[in-house]
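Participant: Can you read through this structure? Questions will come right after.
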Amino acid sequence: MFSQNTASAHSSRIGSLMMRGLAIAAVTSLVAGCAHHRGSRPKEQIAASKVTTIGVNAYLWRASLETLSFMPLIQTDSNGGVLVTDWYTNPKNPGERVKVTVSILDQDLRADALRVAASRQVQSSGQWVDAPVQAATVQKLEDIILTKARDLRRNAYKG
């Protein structure tokens with residue numbers, strides 16, 4: 001026979017299992033309800049920017065990688081949304097080099113979800129010296145990435 005304490009513990013465990021079973025049933029019915037609505041959504045929403053396994057907008061991330069693919073990368077963090085290139089020297093202008101950092105700040109495909117920063121150095125007397133970067137250069141990079149991201153999203157809708 002069970003003692004009073006053993007019977008109480010057994011009863012408590014059964015109650016806990018019943019509550020867990022009810023919670024699982026509730027989640028299952030909620031998921032089933034979502035699955036029903038998911039099938040009725042327009043096809044365009046399937047390619048939404050948040051359908052991703054990374055922490056930031058997948059289209060901005062991919063567009064950034066493609067745009068900077070000619071430069072050596074020293075850091076990529078898809079969860080944090082940071083891309084950092086190493087110094088790149090254009091073979092046509094060996095006395096100048098640039099380094100770019102792209103930060104993706106959101107999961108939505110928006111212009112304010114992207115921030116590009118660039119550093120520039122020029123060679124002077126055999127030494128690399130910091131030089132200003134024209135604001136138009138950074139703006140142009142942002143525009144290229146945003147345009148490419150929009151194109152990627154548009155192409156995802158077609159598929």
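Participant: If neighbour count is taken as other Cβ atoms inside 10 Å, put Val129, Val102, Val84 in order from fewest to most.
Facilitator: Details: Val129 10, Val102 25, Val84 17.
In order of increasing Cβ crowding within 10 Å: Val129, Val84, Val102.
Participant: Just to be sure I understand the model, the point goes 7 Å from the Cα along the line to the Cβ. What's the resulting Asp130 to Thr76 distance in nm?
Facilitator: 2.9 nm
Participant: Take the alpha carbon gyration tensor of region 58-158, find the square roots of its eigenvalues, order them as a ≥ b ≥ c, and report rounded if a/c is under 1.5; if not, report prolate when a/b exceeds b/c, else oblate. Please report the intermediate quantities before stating the final value.
Facilitator: Numbers: a/c = 2.29, a/b = 2.20, b/c = 1.04.
The shape class here is prolate.
Participant: Something else: Within region 128-157, name every residue whose backbone N is under 11 Å away from a label modeled 7 Å from Cα of Glu66 along the Cβ vector.
Facilitator: Once the point is set 7 Å along Cα→Cβ of Glu66, 145-156 turn out to lie under 11 Å by backbone N, inside region 128-157.
Participant: Could you pull out the chymotrypsin sites (Phe, Trp or Tyr not before Pro) across region 63-100 that fall in loop regions by DSSP (anything but H, G, I, E, B) with no more than 10 other Cβ atoms inside 10 Å?
Facilitator: Working: sites: Phe70, Trp87, Tyr88; in loops: Phe70, Trp87.
Within region 63-100, the qualifying chymotrypsin sites (Phe, Trp or Tyr not before Pro) (loop, at most 10 other Cβ atoms within 10 Å) are Phe70.
Rule-based calculations on the coordinates, nothing more; no lab input. Just so it is clear, the model here is predicted, and its values are computed rather than measured. All Cβ positions, glycine included, derive from the backbone under ideal geometry; neighbour counts span all protein chains shown.
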